[in-house]
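The values are calculated or read from the model by the stated rules, or taken from the named source; none is laboratory data. Just so you know, these numbers come straight off a predicted model, no measurement behind them. Cβ atoms come from the backbone with ideal geometry, glycine included; neighbour counts cover every protein chain shown.
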Amino acid sequence: MLTIAEVAERTGLSPHTLRYYERAGLLDPPERGGNGHRRYSEQDLSMLGILSRLRATGMSIADTRQYAQLCRDGEATYDARRELLEEHRRKVLERIAALHEDLTTIEYKIKLYAGADRDLARP
């Protein structure tokens, strides 16, 4: 079992974020030690790992909460979890495609500014 400080160090999430995840229904309330302090399990760490990835890739709190609840509901929700993740993947791929287009524009402008013909480089 790990303390909130240990989990924060291992996950990169702040103690504030960990408590928020609990309040927001993203993470089950962890066990409490005899002193009343939160004690996190390896299963909690695993869940925090996927939740962090989902949030980092732009999944909304509502969808992340839904995913967490589906996980709590057990194996019968595998299809629903897959569908939720497939929809999220579609959105992530759209964002990646847009970023590639943006990067192409930036690279084009870099080449123009590096070239001798400065008149073509406006704006």
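Things to note:
- Within the option set L48, L70, being of a type outside the set (D, E, K, R) and in contact with a Lys or Arg (Cβ under 6 Å, 6 or more places away or on another chain) holds for one residue only, L70.
- Residues considered: L93, L103, L54, L99. Of these, the only one that is of a type outside the set (V, I, T), within 22 Å of T11 (Cβ to Cβ) and at pLDDT 95 or above is L54.
- With respect to the conditions (1) in contact with a helix residue (DSSP H, G or I) (Cβ under 9 Å, 6 or more places away or on another chain); (2) surrounded by 11 or more Cβ atoms within 10 Å (Cβ to Cβ), E9 lacks only one, and its number is (1).
- For D44, the conditions (1) surrounded by fewer than 12 Cβ atoms within 10 Å (Cβ to Cβ); (2) within 16 Å of the chain's Cα centre (by Cα); (3) more than 30 Å from L99 (Cα to Cα) all hold with the exception of (1).
- Scanning region 29-86 for residues that are out of contact with any Leu (no Cβ under 7 Å at 6 or more places or on another chain), among the hydroxyl-bearing types (S, T, Y) and more than 26 Å from A5 (Cβ to Cβ) yields T57, S60, Y78.
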